[in-house]
1. Out of the residues in the range 87-118 that are of a type in the set (Val, Ile, Thr) and modelled with pLDDT of 95 or more, which is nearest to residue 48 (Cα to Cα)?
2. Identify all residues within the range 13-41 that are in a helix (DSSP H, G or I) and either in contact with an Asp or Glu (Cβ under 6 Å, 6 or more places away or on another chain) or under 11 Å from residue 207 (Cβ atoms) (or both); write none if there are none.
3. Can you tell me which residue in the range 175-208 is nearest to residue 50 (Cα to Cα), limited to those that are open to solvent by less than 60 Å² (accessible area, probe 1.4 Å) and polar (S, T, N, Q)?
4. Kindly establish whether residue 4 is open to solvent by less than 40 Å² (accessible area, probe 1.4 Å), touching a residue at least 24 places away in the same chain (Cβ under 8 Å) and out of contact with any His (no Cβ under 7 Å at 6 or more places or on another chain).
5. Quick check on this structure: which one of 169, 146, 102 is hydrophobic (A, V, I, L, M, F, W, C) and free of Cβ contacts under 8 Å to residues at least 12 places away in the same chain?
6. Restricting to the range 174-211, and then to whatever is assigned to a loop (DSSP other than H, G, I, E, B) and over 21 Å from the mean Cα position of the chain (by Cα), can you tell me which residue is modelled with the highest pLDDT?
7. With the checklist (1) within 30 Å of residue 173 (Cα to Cα); (2) open to solvent by 60 Å² or more (accessible area, probe 1.4 Å) in hand, flag the one item residue 34 doesn't pass.
Amino acid sequence: YVGGHVAAAASVIRARRPLPDAPRVPAAAWACIGLDPAPVRDVIAAYDRSNPMALAALTLLRESTAPGFAASGTPRAPVFPEEAPIPLPALLTLDEMPPQAAEMVLALNALGSTAEAPILASMYRHMAHWPGALSLAYGVLAPLHASGALQAAIAATRDLAREEAGRMATLLPRLPPPPDLPPVQAALDAFIQDAIGRMVVNGGVLGAAFRV
């Protein structure tokens, strides 16, 4: 992170992830639900800044501890983005939301996932401050999930992250794996595949659909 290599990998992931096309939500739709889209866009932008970095870093950790993993490729030039902080509202629990909003958060959280019990993405918990935005987000993402486009994009984005991990791994010393590696790898797999990898794509799609 300090050396700018995670940010460099994240910028590649952000630029090259194969986001499915989704129609832009028009201004009239926001007006119909009486909602200013600006704070919703800020939440999505904050996650779209941090999630690709987390995917790059955690994929590096997962892949570099795997037996037989071989670093490959040329490291990216470091990137040091100058970005202003994006304030976020309080992170709501499901019990703190109106029942309908909590139901929509869980419905959104299933989109793009192939897990029986998907990890609850915090982006939707932040968006629950504006229940109408959850409905618009569901309208954008649900058809892409039904067609399989989200799942395909998520798998391709994870492949892209593995490629970037191979490049970053050339900068690391080769260390022996820890003795408790299997449960660590299982935890990383769940988080990378079902949470971060999914939200890098879903957040990107919503960011494009909710753009000005």
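1. 105
2. 14, 40, 41
3. The extreme case among them is 202.
4. Spelling it out, residue 4 is indeed open to solvent by less than 40 Å² (accessible area, probe 1.4 Å), touching a residue at least 24 places away in the same chain (Cβ under 8 Å) and out of contact with any His (no Cβ under 7 Å at 6 or more places or on another chain).
5. 146
6. Result: 180.
7. Checking residue 34 against (1) within 30 Å of residue 173 (Cα to Cα); (2) open to solvent by 60 Å² or more (accessible area, probe 1.4 Å), the one that fails is (1).
The values are calculated or read from the model by the stated rules, or taken from the named source; none is laboratory data. Predicted model only: the values in this text are computed from it and were never measured. Please note: Cβ atoms are built from the backbone with ideal geometry, for glycine as well, and neighbour counts cover all protein chains shown. With ligands, DNA and RNA removed, areas are computed over all heavy atoms of the protein, side chains included. Shrake-Rupley method; radii C 1.70, N 1.55, O 1.52, S 1.80 Å.
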